[in-house]
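Visitor: Dumping the structure here so I can ask a few things about it.
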């Protein structure tokens with residue numbers, strides 16, 4: 001009754017093709033953004049920043065990247081952790097090499113460097129498909145992590161082998177480093193994620209996105225109707241790695257502050273992002289956010305309940321959490337293989353008809 | 001013979017042994033993939049779970065002791081002095097069969113006709129679940145496994161090869177773990193048994209029929225669900241063997257489940273659908289990574305075993321996208 005597209009008349013093409021053609025969708029997004037930008041920063045505290053909001057934003061960015069590659073272009077990748085490490089290390093090297101550079105540009109540049117690496121590791125996708133490709137992307141995961149561990153140039157010959165983010169600013173406010181205020185890191189991540197989520201949304205609606213989707217459906221047929229698979233696959237790898245690289249840079253620079261490759265960017269992180277994409281919904285921008293929120297919030301919630309409320313030992317809680325997450329993943333795949341985004345789509349369908357049953 | 005050559009020979013031998021160990025895990029993957037088209041990521045965790053269960057039965061641990069203690073404030077851990085190894089192996093196998101049955105009942109029967117990627121993700125979820133479940137049931141501490149297999153270096157081989165080096169050079173003979181030799185023997189037996197089973201028994205024929213075509217198999221009256229239970233039980237059995245071998249070698253702990261990651265390049269090298277492929281692929285990977293570490297690894301910082309297998313498999317795939325023995329991939333529009 002309230003949620004509908006009828007009566008929402010468009011008089012020109014620009015209106016018809018905007019990101020959110022339905023008026024209520026548009027209002028909802030604006031209200032949500034206004035709330036996130038103008039209300040949350042005043043109430044944010046260290047706990048919310050460190051364990052909920054910033055990780056959510058960082059992992060949403062990674063999920064967006066992987067969703068472009070796996071959800072839209074259909075190329076399964078298990079190398080996300082490795083690409084995040086590339087982003088983190090290029091962020092570190094740029095921070096150290098150009099101390100005066102605004103951190104915003106550092107993150108973008110780190111993303112661009114990762115995009116180049118992503119193209120290199122995407123080359124096999126032209127010849128290898130399906131599971132063979134998924135396993136082949138593991139090569140990038142293990143090789144990159146090994147490289148960052150073994151070549152001292154990457155961690156500037158520090159004795160611990162770890163990289164630590166120095167303090168870098170934007171408009172004179174510290175964003176990275178230990179003294180960065182909660183609201184500043186939050187707003188920084190939020191701005192980046194908002195900009196690039198809009199970009200992803202429009203990219204996937206446009207010509208490139210359609211090429212990706214056709215490759216996803218069937219690459220041979222796509223080639224026959226005139227979509228060059230080389231360009232389509234490699235551009236998907238490039239854009240996806242760009243997003244993943246930025247998320248790696250944010251994870252290291254803004255959230256963790258210091259990182260050790262095997263720990264922060266291991267294979268389990270690759271799986272985590274893949275889970276976010278699957279649970280959220282393959283081929284959906286909203287799904288990337290829902291998936292990231294789900295997999296970041298559920299562990300926090302479970303930990304709070306089991307350790308905080310029941311007083312159980314932490315290792316027991318960790319095992320239960322693992323068990324619960326595994327069971328949830330299977331449950332979701334059995335009940336709704338298209339993810340949370342599909343649930344949301346079905347809710348919208350219902351809302352359109354409400355309160356009439358048919 | 002020069003010591004360098006002998007060292008290289010020793011590395012190759014050890015590589016072959018390591019390769020057999022990888023093949024043991026890869027076999028389980030191939031079995032499931034052939035019969036159901038599911039790429040079972042959980043195979044490594046199944047090996048861990050089987051090993052944990054076996055050790056738990058052997059030493060007489062109380063399952064879920066940790067959880068019960070936390071919930072009721074009790075202090076239980078063992079119910080007795082444990083049991084005979086043979087009995088424990090039988091009981092573990094029963095647990096694995098029950099597990100296969102439950103899995104089919106609760107999860108897999110809903111997953112017919114889903115896209116392969118969804119099935120793959122399901123098994124990753126399963127891997128998480130079993131890891132948490134195994135830890136919860138038996139505790140996450142590192143356990144030693146002793147099923148009576150010999151271990152340690154082979155003295156006989158050391159003495160035998162000592163005289164091979166040229167006069168005047170220092171050479172102490174080759175080192176090969178007896179356990180690895182046992183593992184190789186058991187793996188060969190396992191492959192022969194599996195081949196005989198799938199070629200000459202009625203169930204084996206049904207398995208091959210299902211592998212060829214699900215629908216055609218259904219039309220001639222083969223129950224897909226029974227076959228799936230059998231296949232997952234078989235995979236559980238292979239996981240148990242792999243778990244015993246790896247557990248005896250390096251202790252029963254979380255890292256045991258990571259051998260699944262080692263089996264993946266073996267699989268893509270050998271082809272997902274070929275049992276001989278899993279063995280040959282394992283041998284190639286085993287020898288390749290040991291030789292690479294021996295010859296080049298030292299120069300570029302060592303620990304190349306982490307990634308070499310993948311890069312080797314990747315390079316291989318560029319020339320043969322379906323792996324060594326895989327069925328040719330034919331795509332139709």
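Values in this text are rule-based calculations from the coordinates and carry no lab data. Predicted, not measured: the structure shown is a model, and the values here were computed from it. Because the Cβ atoms are built from the backbone with ideal geometry, glycine has one as well, and the counts that use them run over all protein chains shown.
Visitor: Within a 10 angstrom radius of each residue's Cβ in A:220-232, how many Cβ atoms of other chains show up on average? Whole number is fine. Before the final figure, lay out each step's value.
Guide: Numbers: counts 3, 3, 1, 1, 1, 0, 0, 0, 0, 0, 0, 0, 0.
Going residue by residue through A:220-232 and averaging, the value is 1.
Visitor: From other protein chains only, count the Cβ atoms within 10 Å of every residue's Cβ in A:140-152, then give the mean.
Guide: Values: counts 4, 4, 10, 7, 1, 2, 9, 3, 0, 3, 6, 2, 1.
Rounded to a whole number, the mean comes out at 4.
Visitor: At 7 Å along Cα-to-Cβ for each site, give me the label-to-label distance between residue A:52 and residue B:106 in nm.
Guide: Computed distance between label sites residue A:52 and residue B:106 equals 3.1 nm.
Visitor: Related question: What FRET efficiency, computed as 1/(1 + (r/R0)^6) with R0 = 30 Å and r the Cβ-Cβ distance, is obtained for residue B:68 and residue A:335, rounded to the nearest 0.05?
Guide: On the way: r = 31 Å, r/R0 = 1.03.
With R0 = 30 Å, the Cβ-Cβ based efficiency is 0.45.
Visitor: So, one more: Stokes-Einstein at 10 °C, 1.306 mPa s, Kirkwood radius from Cα pairs: D for the protein assembly as shown in µm² s⁻¹? All intermediate terms of the calculation are to be shown ahead of the outcome.
Guide: Details: Rh = 27.3 Å.
Result for D is 58 µm²/s.
Visitor: Hey, what number do you get for the protein assembly as shown at 222 nm if only DSSP H runs of n ≥ 4 count, each worth -39500 (n - 2.57), divided across all residues, to the nearest 500?
Guide: Working: 29 runs with 456 residues, N = 691.
So the calculated ellipticity at 222 nm is -22000 deg cm²/dmol.
Visitor: Ok, one more. Which shape class, rounded, prolate or oblate, goes with the range A:46-160 when its Cα gyration tensor gives a ≥ b ≥ c as root eigenvalues, a/c under 1.5 marks rounded, and past that a/b bigger than b/c marks prolate?
Guide: In terms of gyration-tensor shape, oblate.
Visitor: Let me ask something else. Sticking with the crude label model, points 7 Å out along Cα→Cβ, report the distance from residue A:119 to residue A:198 in nm, one decimal please.
Guide: Calculated label separation equals 2.7 nm.
Visitor: Can I ask one more? Give the Debye-formula value of log10 I(q)/I(0) at each listed q (0.10 Å⁻¹), with one equal scatterer per alpha carbon of the range A:103-204, two decimals each.
Guide: Rounded to two decimals, the profile gives -0.45.
Visitor: Still on this model: Give the Debye-formula value of log10 I(q)/I(0) at each listed q (0.20, 0.24, 0.30 Å⁻¹), with one equal scatterer per alpha carbon of the range B:200-262, two decimals each.
Guide: These q points yield log10 I(q)/I(0) values of -0.76, -0.91, -1.23.
Visitor: What FRET efficiency comes out for residue A:127 versus residue A:45 if R0 is 56 angstrom and r is the Cβ-Cβ distance? Round to the nearest 0.05. Please report the intermediate quantities before stating the final value.
Guide: Numbers: r = 51 Å, r/R0 = 0.91.
According to the calculation, E is roughly 0.65.
Visitor: In cubic angstrom, how much convex hull volume per residue do the alpha carbon atoms of the range B:251-300 span? Before the final figure, lay out each step's value.
Guide: Details: hull volume 5.2 nm³, N = 50.
Spread over its residues, the Cα hull of the range B:251-300 gives 104 Å³ apiece.
Visitor: Next question. Looking at the calculated P(r) for the range A:160-240, what percent of the C-alpha pair distances fall above 19 Å?
Guide: Beyond 19 Å sits 57 percent of the P(r) for the range A:160-240.
Visitor: Taking a ≥ b ≥ c as the square roots of the eigenvalues of the Cα gyration tensor of the range A:1-97, is the shape rounded (a/c under 1.5), prolate (a/b larger than b/c) or oblate? Walk me through the numbers before you get to the answer.
Guide: Values: a/c = 2.58, a/b = 1.51, b/c = 1.71.
Note, shape of the range A:1-97 comes out oblate.
Visitor: Expressed in nm², what is the orientationally averaged projection area of the convex hull enclosing the Cα positions of the range B:203-333?
Guide: Details: hull surface 43.6 nm².
Projected over every direction and averaged, the Cα hull of the range B:203-333 covers 10.9 nm².
Visitor: Once Rh is set to the Kirkwood radius over Cα pairs, what Stokes-Einstein translational diffusion coefficient, in µm²/s, holds for the range A:240-332 at a temperature of 37 °C and a viscosity of 0.692 mPa s?
Guide: Details: Rh = 14.7 Å.
Answer from the Stokes-Einstein relation: 224 µm²/s.
Visitor: I would also like to ask the following. When the Cα centres of the range A:318-358 and the range B:271-286 are compared, how far apart do they sit, in Å?
Guide: Their Cα centres are 39 Å away from one another.
Visitor: Starting from the 7 Å offset along Cα-to-Cβ, what nm value, one decimal, do you get for the label separation of residue B:192 and residue B:86?
Guide: The two pseudo-label positions are separated by 2.1 nm.
Visitor: Here's something else I'd like to know. Kirkwood Rh and Cα-based Rg: tell me the resulting Rg over Rh for the range A:120-269, rounded to two decimals.
Guide: Values: Rg = 18.8 Å, Rh = 17.9 Å.
Reported Rg/Rh (Cα atoms, Kirkwood Rh): 1.05.
Visitor: Turning to a different aspect of this structure: Could you tell me the calculated FRET efficiency between residue B:181 and residue A:35, based on Cβ-Cβ distance and R0 = 45 angstrom, to the nearest 0.05? Present the calculation step by step, with values, prior to reporting the outcome.
Guide: Values: r = 67 Å, r/R0 = 1.48.
Efficiency at R0 = 45 Å is approximately 0.10.
Visitor: Can you divide the C-alpha Rg of the range A:268-312 by 2.2 N^0.38 Å and report the result to two decimal places? Kindly include the intermediate steps, with their values, before the conclusion.
Guide: Values: Rg = 12.7 Å, N = 45, 2.2 N^0.38 = 9.3 Å.
Ratio of Rg to 2.2 N^0.38 Å for the range A:268-312: 1.36.
Visitor: From the square roots a ≥ b ≥ c of the eigenvalues of the alpha-carbon gyration tensor of chain A, which class results: rounded (a/c under 1.5), prolate (a/b over b/c), or oblate?
Guide: Numbers: a/c = 1.40, a/b = 1.20, b/c = 1.17.
Note, shape of chain A comes out rounded.
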